[in-house]
Every structure is written in C-alpha cells, then in structure tokens.
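What follows is a set of notes on a single structure, which appears directly below.
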Amino acid sequence: CLITKKVGTEISYITQVGTGNYNEKTSAIYTDYSLMTANHDIGLEANRVFHALCLGQTVEHTEHLLVAPKCLQNKLADMIDEQTELAKSGMPAYIGIKINSLTDKYLIEKLIAASQAGVKIEMIVRGISCLIAGVPELTENISVRSIVGRFLEHSRIYVFGRGDEEKMYISSADLMTRNTERRVEIACPIDDPAVRTRLHDILYAMQHDTVKARVLQPDG
C-alpha cells in the first residue's frame, strides 16, 4: 500500500509492506508482519512497482526493494553467494530464513553450496521443504524446522550475515518458483534497529520452541 502526499512542490511517501494477508477473513487466523515506513527511497521504488503494474509490466531493476519476477530470486542468490564467500575465507557467515515453502531448485542448490562452504543456515519452513537438512557433506550446516500452531504461520523473513553487515528483509514471497519467477512479489529491507530487534526476538523464540516445533531429520 502506498500513500503519496504532495505539499507545495514536495512529494513524500508512506509505504506499507506486508508479508501477506489483506483478506479480512484469513487475516484473523494468519500471522503476518507489516512495516509502515516514510523512507523516501522505498516509497519511490514502491511507486515504480505500482506504475509498472498499471502498464502490465514488471520492474527490471531495483536498489532497495527486491521485486519478483525480475529482481528477487537473483538478488537472494547473490546474498547467499556473499555468505558462501565469507565462509570460504574463514569469516563468520550466517543465513536465516522463515518461509512457508521451499521448492525453488535454483535457490536450494545455492543453499546446499553455502552449507558445504560452512555457512550456518537456520530455516523455519512451515510446509513443504524440498531440501533435506543434516545430510553429511551436503546440508550438515542447515537446520529446518516447522511450527504449526493455533494461528497459521504466514510471515516471511530473510536474514543474511550478522552484526553491522547484516541484511534483513520481510517479504511476501516464499522460495517457490511460482513466487520467485511467476508473480509480482516484494521483499522490503528492515533498517530500523528496533524493528530488527523485534524480528530477531521472534526468530529466537521459534528456533527455541519445544512445544510446537518439528525438526527435519536427514532421513526426511
């Protein structure tokens, strides 16, 4: 959702980016995350996305948002590669992903290569995962857990790196080719320290759940 305001000759934006659901019935039982921001760069890119949609086109290039189908999968792959190279050079490397489903073969192969390089990868995948975690010499640095509870887990979070170099996004896109290659989907960077802390607290709770969580084993 994009609110555009003009005062005199100045234009400003308020952008709302959600991980799902604008349906008044399912929003009562789905858990999603929503960011409202006055960041001008994000507003400009959101405006470009809506303009392209009006023309039946797709966005070809972005600097801040990740926008499928042209510039989300490739940018995620680049960030996975960045962590892979860090691990190969002996530096700490980390990837954290919370999604509903993982079926995108291209990104799965990138994650496997990252694991082989020594990247620690923590994944929360509620539904389908076509990647099997914990396989020696392939995915031994990857953990995959699913949480199904009172409310439907529907939010998506991507985290690449740690500390000052960390990149964090919330997104509408699962890592499925229907999302990464055949839909218009958005991932929005999270730069505000307080919001990042909130999301890290949520991820920490899910990674340490001992009631609802199921952990994928190497035998499937």
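The charge dipole of the chain, taken about its Cα centre with unit charges on the Cβ atoms of Lys, Arg (+1), Asp and Glu (-1) only, comes to about 680 debye.
Every helix of 4 or more DSSP H residues in the chain counts as -39500 (n - 2.57), and over all residues that averages to -9000 deg cm²/dmol at 222 nm.
How would region 19-116 be classified by its alpha-carbon gyration tensor: rounded, prolate or oblate, with rounded meaning a/c under 1.5 and the a/b versus b/c comparison settling the rest?
prolate
Rounded to the nearest 20 debye, the dipole size of region 1-73 about its Cα centre is 160 debye, using +1 on the Cβ of Lys and Arg and -1 on the Cβ of Asp and Glu. The charge dipole of region 81-163, taken about the Cα centre with unit charges on the Cβ atoms of Lys, Arg (+1) and Asp, Glu (-1), comes to about 360 debye, rounded to the nearest 20. Applying a DSSP loop filter and a limit of 10 other Cβ atoms within 10 Å to the trypsin sites (Lys or Arg not before Pro) in region 1-64 leaves Lys25. Taking 0.36 nm per residue of separation and subtracting the Cα-Cα distance, full extension of the segment from Glu137 to His51 would add 26.3 nm. Could you list, in their original order, any pairs among Lys88/Lys167; Lys25/Lys212; Lys75/Lys120; Lys25/Lys167 whose Cα atoms are separated by more than 31 Å? Among Lys88/Lys167; Lys25/Lys212; Lys75/Lys120; Lys25/Lys167, the Cα-Cα distance tops 31 Å for Lys25/Lys167. Rolling a 1.4 Å probe over the protein heavy atoms of the chain, with every protein chain left in place, gives an accessible area that is 54 percent carbon and sulfur.
Could you identify which residue out of Cys54, Cys130, Cys71 has the top mean-square fluctuation in a GNM of the chain using Cα springs shorter than 10 Å? Looking only at Cys54, Cys130, Cys71, the biggest GNM fluctuation is shown by Cys54.
Determine the relative contact order of the chain: mean sequence separation of Cα pairs under 8 Å and six or more apart, normalised by residue count, in whole percent.
This gives 21 percent for the chain.
Only beta bridges with both residues in the chain are counted; by DSSP, about 65 percent of them are antiparallel. Positive end of the charge dipole of region 102-146 (Lys, Arg +1 and Asp, Glu -1 on Cβ, about the Cα centre): tell me which of Leu138, Gln116, Gly127 has its Cα farthest that way. Of Leu138, Gln116, Gly127, it is Gly127. Against the set (i) 0.98; (ii) 0.95; (iii) 1.03, the structure's computed Rg/Rh (Cα atoms, Kirkwood Rh) falls on (i).
The alpha-carbon positions of region 146-200 define a convex hull whose volume is 113 Å³ per residue.
Find me the longest stretch of the chain that has none of the exposed chymotrypsin sites (Phe, Trp or Tyr not before Pro), where exposed means in a DSSP loop (not H, G, I, E or B) with at most 16 other Cβ atoms within 10 Å.
23-150
Expressed as a fraction of 2.2 N^0.38 Å, the C-alpha radius of gyration for region 48-174 is 1.11.
The values are calculated or read from the model by the stated rules, or taken from the named source; none is laboratory data. From a predicted model like this one, the values you see are computed outputs, not experimental measurements. Positions of Cβ are backbone-derived with ideal geometry, glycine not excepted, and every protein chain shown enters the neighbour counts. Side chains are part of the model used for accessible areas, which takes the heavy atoms of the whole protein and leaves out ligands, DNA and RNA. Shrake-Rupley method; radii C 1.70, N 1.55, O 1.52, S 1.80 Å.
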